[in-house]
Amino acid sequence: MEEKYQKRVKYIILFLAAFLIVFLISYFIKSPAKTASSEYNDFYVQKTQFGYKTMLYIGDAGPYYINTVYSPEDIENITINFDIKKAVRNRQVYVAIDPFDVNLTGKTVVAAMELNNVIEPFFKVPVSSAFTKEKGNYTVRTCPPQNKSEAVFVLKLGSEAKILKTSNCITLEAQTQEGLIREADAIVFKLLGITK
């Protein structure tokens with residue numbers, strides 16, 4: 001009887017040991033790999049599940065972290081030929097879209113939020129959303145702005161990708177909504193001095 005008991009204990013221990021080994025192997029195989037990170041113009045950029053996180057210092061303050069869909073390297077071919085900081089500094093900023101363009105969906109909102117998440121906290125400038133055409137009781141802002149103390153970012157789809165400035169109006173035009181997000185990220189990186 002005791003021999004049977006010892007055999008049973010031996011099998012239980014072997015089973016538990018085998019289970020533990022299988023568990024440990026599956027844990028290490030399935031554990032997520034560390035996210036890739038790199039340096040870009042002396043800024044630390046880390047790939048995340050949702051895009052990129054960039055660490056920066058402003059003067060002696062920081063570190064601050066900004067989240068973007070694209071990395072600074074992804075937007076290097078986007079040209080901004082004007083002083084974007086001067087365009088937003090000390091102004092009320094509006095980000096406007098055409099409310100009747102059915103091709104502008106939630107992805108365009110991501111582009112607007114990328115701008116808002118940097119302009120408002122880092123430049124202490126209020127950012128509001130607006131439409132370019134009358135719809136209900138929503139705020140309407142068109143280009144060029146009537147008020148010189150305002151800056152209007154217009155996000156729209158078009159035949160080419162470009163960022164243009166006319167007076168206090170900055171137009172982001174792209175062929176796709178992803179292109180609008182890339183252009184918004186290009187403005188974010190330029191505003192913060194991450195890209196030159």
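Just so you know, all these numbers are worked out from the coordinates, no wet-lab data involved. Computed from a predicted structure; not experimentally measured. Here the Cβ is made from the backbone with ideal geometry for all residues, glycine too, and neighbour counts use every protein chain on show.
Computed quantities for the displayed model
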{"read-out": "Stretch gain in nm, segment residue 178-residue 102, where the contour uses 0.36 nm per residue and the Cα spacing is subtracted", "value": "25.8 nm"}
{"read-out": "For residue 195, distant residues with modelled amide H under 5 Å away", "value": "190"}
{"read-out": "Stretchable slack from residue 76 to residue 42, in nm (0.36 nm times residue separation minus alpha-carbon distance)", "value": "10.7 nm"}
{"read-out": "Peptides 186-195, 91-100, 47-56 ordered by average Cβ neighbours within 10 Å, highest first", "value": "186-195, 91-100, 47-56"}
{"read-out": "³J(HN,Hα) computed for each position of segment 83-95 - Karplus, 6.51 cos²θ - 1.76 cosθ + 1.60, integer Hz, glycine/proline x", "value": "7, 5, 4, 5, 5, 10, 4, 6, 10, 7, 9, 10, 10"}
{"read-out": "Zone of residue 113's modelled label, taken as backbone nitrogen in segment 150-189 under 17 Å from a point 7 Å along Cα→Cβ", "value": "177-186, 188"}
{"read-out": "HN-Hα J in Hz across segment 170-179 - Karplus 6.51, -1.76, 1.60, θ = phi - 60°, x for Gly and Pro", "value": "10, 9, 9, 10, 8, 7, 9, 5, 4, x"}
{"read-out": "15 Å beta-carbon shell around residue 57, net charge (K/R +1, D/E -1)", "value": "-2"}
{"read-out": "Full-extension gain in nm, residue 85 to residue 159, via 0.36 nm per residue minus C-alpha separation", "value": "23.9 nm"}
{"read-out": "Protection-proxy order for peptides 159-165, 136-142, each taking the mean of Cβ atoms within 10 Å per residue, highest first", "value": "159-165, 136-142"}
